[in-house]
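The values are calculated or read from the model by the stated rules, or taken from the named source; none is laboratory data. Owing to the predicted nature of the structure, the values given are computational and were not obtained by experimental measurement. Virtual Cβ from ideal backbone geometry, glycine too; neighbours counted across all protein chains shown. All accessible areas refer to the heavy atoms of the entire protein, side chains included, with ligands and DNA or RNA removed. Shrake-Rupley method; radii C 1.70, N 1.55, O 1.52, S 1.80 Å.
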There are 2 protein chains.
Amino acid sequence: MKIGILQSQPQFGSVAENVTTALSQIATKKADLWVFPELFNTGYQFISKKEVLALSEPIPTGPTTQSLIAAAEKYKTTIVAGLAEREGKNCYNSAVLVSPRGHITTYRKIHLFYEEKRWFAPGNKAFEVYSINYKSERGGTMKCRIGIMICFDWIFPESARSLALLGADVICHPSNLVLPHCPQAMITRSLENRVFSATANRVGTEARNTEKLRFIGQSQVVSPQGKILFRAPEDKLSAKVITIDPKEARNKSINAYNNLLKDRVEHYYF
Amino acid sequence: MKIGILQSQPQFGSVAENVTTALSQIATKKADLWVFPELFNTGYQFISKKEVLALSEPIPTGPTTQSLIAAAEKYKTTIVAGLAEREGKNCYNSAVLVSPRGHITTYRKIHLFYEEKRWFAPGNKAFEVYSINYKSERGGTMKCRIGIMICFDWIFPESARSLALLGADVICHPSNLVLPHCPQAMITRSLENRVFSATANRVGTEARNTEKLRFIGQSQVVSPQGKILFRAPEDKLSAKVITIDPKEARNKSINAYNNLLKDRVEHYYF
């Protein structure tokens, strides 16, 4: 399966331009699944609730999701992309999953980071896993099970663990990382769950209030064995497609004696 | 609090010699808490159940635990040390906690690695946390809460998480690591739980059957902020004492909005 990781640099508030720029990348490179960063259409650093209300969109009827669906149809791909969702008076830091079939689902970020708690309501749905189709090299239709978590969800091991227990082959991880530790920690997340992880981060800086944020790039794909299959630079745009075999994530045995999920001893865990 | 990490190279089966060598280290360096490797007295690579039965000892009446208690009394220190425990017909890959007050508790490794499953019964007690005393620099008696996990327990995030939820300041981690990923992954364990982790690993090789094991050293102490405070070489003996403030582990807030334990959303975790 070909998985594409977009490392972009959204301009705050320039939604139409950010969407066009992102979709221009998937026009030129073929992938079965694309992962875009968190809030790829709006930018990150909101400074008022009013701003969030103005820039967030209903899903799937809003223009960003509609553009993503049109692109998924046109390029016969599946896209996981982070955007600000509006539902009534509530806004969520969400990620949509769209395919040529249309809008499949929305994940709402459960663990909000820092000032996101001022603007967004926390996710109100459990972690879930979805099957997507892809063509094998021999032409057959294959299934890949993908789970979604967003950025700061990484620091809670329960996020990736929940997705693995639900059967995820690939954890799609739209991000806007500012803290330094996540790229290395995602190696642990892949290892401990024996899953692929695909982190799509952004680059650049935002300083819309007194606090300057620098996003650390390093978008990456990590194998179930903890190998970094691809890592983007810290400060450059990137749209990289690599080939993975999702089935590698389905054997949780690491030797003749140990299976990472079956060896769990839940009755001793707090 | 001064914490000492012993990186040793046990000779298989030479229990008395291994214990004497280890204790000679704590005779020369002052620490409030020492962490020794997994199976520090016997060596690692058992090749028959008979051998395990012969080399394992009842706790606390066996000679190894008695020697550790005598050393703890003599040097006014607390020791966490891995050893093969015998209870009736069962053997456990255990770690004792001993202090000048005597034997405090035993942790029995819950997640056995590889052929350990042939020799040892899995731990049959939940993770627990214990308070130990140490003298502050001003002379007052302070408390440090320590949790114990052994080697391969690291790959299950639930191990360190359980200890953190129980209130551990320091996770003592006797190890005999052969896989390469643990030293980096323990940074994640410290970060995600905001605790100190103290991994005492061994060095050298064992090849008592057709499989040659190389132990990777790199014993280390990591801060709650994920900083490597000390890391030993891959292939050299080491007995290092460093100073930490256990109270650093008690504030789980990483900014004005996020507290790593309070932000958990258990009803969405599988």
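The Cα-based radius of gyration and maximum Cα-Cα distance (Dmax) for the range A:203-259 are 17.3, 55 Å. Could you give the angle, 0 to 90 degrees to the nearest 10, between helix B:182-193's Cα long axis and the longest principal axis of the Cα atoms of chain B? Roughly 40 degrees, rounded to the nearest 10.
Counting only Cβ charges, +1 for Lys and Arg and -1 for Asp and Glu, the dipole size of the protein assembly as shown around its Cα centre is about 20 debye. Kindly flag which residue pairs out of A:K49/A:K89; A:K29/A:K135; A:K76/A:K143; B:K212/B:K236; A:K49/A:K125; A:K29/A:K236 have an alpha-carbon separation exceeding 20 Å in this structure. The answer is A:K49/A:K125. Here the accessible area of the protein assembly as shown is 51 percent carbon and sulfur, with a 1.4 angstrom probe and all protein chains present. For the listed peptides B:254-260, A:141-147, a ranking on the average number of other beta carbons within 10 Å per residue, highest first, reads A:141-147, B:254-260.
State, in square angstrom and to the nearest 100, the accessible area buried between chains A and B, both chains counted, probe radius 1.4 Å. Mind dumping the intermediate values first?
Numbers: alone 12270 and 12270 Å², together 20640 Å².
Answer for the A-B pair: about 3900 Å² buried.
Of all DSSP-defined beta bridges confined to chain A, some 70% are antiparallel rather than parallel. Buried on complex formation within the range A:247-270 (loss of at least 20 square angstrom of accessible surface versus the isolated chain, 1.4 Å probe, ligands and nucleic acids ignored): A:I254, A:N255, A:Y257, A:N258, A:L260, A:D263, A:V265, A:Y268, A:Y269, A:F270. Only Cα pairs under 8 Å and 6+ residues apart enter the sum, and on that basis the relative contact order of the range A:135-251 stands at 22 percent.
In the range B:121-158, the residues that give up 40 Å² or more of accessible area when the other protein chains are added, compared with the chain on its own (1.4 Å probe), are B:I155, B:F156, B:P157, B:E158. Please report the spacing between the Cα centers of the range A:119-139 and the range A:212-270 in Å, no decimals. Spelled out, the Cα-based centre of one part sits 16 Å from the other.
By how many degrees, 0 to 90 and rounded to 10, does the Cα axis of helix A:15-28 deviate from the longest principal axis of chain A? Its long axis makes an angle of about 40 degrees. Loop only per DSSP, at most 12 neighbouring Cβ atoms within 10 Å: give me the GluC sites (Glu not before Pro) in the range B:100-142, ordered by residue number. Here the GluC sites (Glu not before Pro) that fit, given the DSSP loop and packing criteria, are B:E137. Label-to-label distance for B:Q225 and A:L53 is 3.9 nm, based on points extended 7 Å past Cα in the beta-carbon direction. Annotation: per residue accessible area for chain B equals 38 Å², rounded to a whole number [probe 1.4 Å, protein chains only].
For a straight C-alpha distance cut-off of 12 angstrom, the aspartates and glutamates reachable from A:K2 (same-chain residues fewer than eight places away being disregarded) are A:D32, A:E137, A:D245. Taking the dipole about the Cα centre of the range A:2-268, with the C-beta of Lys and Arg at +1 and of Asp and Glu at -1, give me whichever of A:G147, A:I3, A:Y134 is farthest to the positive side. Result: A:Y134, furthest along the dipole toward the positive end. Here the range A:18-80 and the range B:148-206 have alpha carbon centers that stand 39 Å from each other. Among B:I79, B:I104, B:I150, the largest mean-square fluctuation in a Gaussian network model of chain B (Cα springs under 10 Å) belongs to B:I104.
Would the range A:173-270 count as rounded, prolate or oblate if I go by the C-alpha gyration tensor, calling it rounded below 1.5 in a/c and otherwise prolate when a/b exceeds b/c, oblate otherwise? Write down the numbers at each step before the final one.
On the way: a/c = 3.80, a/b = 1.79, b/c = 2.12.
In terms of gyration-tensor shape, oblate.
Considering only DSSP beta bridges whose two residues both sit in the protein assembly as shown, what percent are antiparallel, to the nearest 5? Mind showing how you got there, number by number?
On the way: 74 of 104 bridges.
Once the DSSP bridges in the protein assembly as shown are tallied, antiparallel ones form about 70 percent.
Counting other C-beta atoms within 10 Å, and keeping those with at most 13, which DSSP coil trypsin sites (Lys or Arg not before Pro) do you find in the range B:221-270?
On the way: sites: B:K227, B:R231, B:K236, B:K240, B:K247, B:R250, B:K252, B:K262, B:R264; in loops: B:K227, B:K236, B:R250, B:K252, B:K262, B:R264.
Here the sparse-neighbourhood loop sites are B:K227, B:K236, B:R250, B:K262.
Using Cα-only point scatterers and the Debye equation, what is log10 of I(q)/I(0) for the range B:1-153 at each q in 0.08, 0.11, 0.17, 0.20 Å⁻¹, rounded to two decimals? After summing over all Cα pairs, the log10 values are -0.21, -0.40, -0.94, -1.28. With the helix formula -39500 (n - 2.57) applied to DSSP H stretches of n ≥ 4, chain A reaches a computed 222 nm mean residue ellipticity of -6500 deg cm²/dmol. Taking the Cα centre of chain B as reference, the dipole from Cβ charges on Lys and Arg (+1) and Asp and Glu (-1) amounts to some 480 debye.
Where the alpha-carbon atoms of chain A are placed on the principal axes, they occupy 56, 46, 35 Å, in descending order.
Put simply, the amide H of B:L112, placed in the peptide plane, has no neighbours under 5 Å, leaving out anything fewer than 5 places away on its chain. Short to long, the 10 Å bins of the Cα pair-distance histogram for the protein assembly as shown hold 4, 19, 26, 21, 15, 10, 4, 0 percent of all pairs. Taking N as the residue count of the range A:101-198, its C-alpha radius of gyration divided by 2.2 N^0.38 Å amounts to 1.15.
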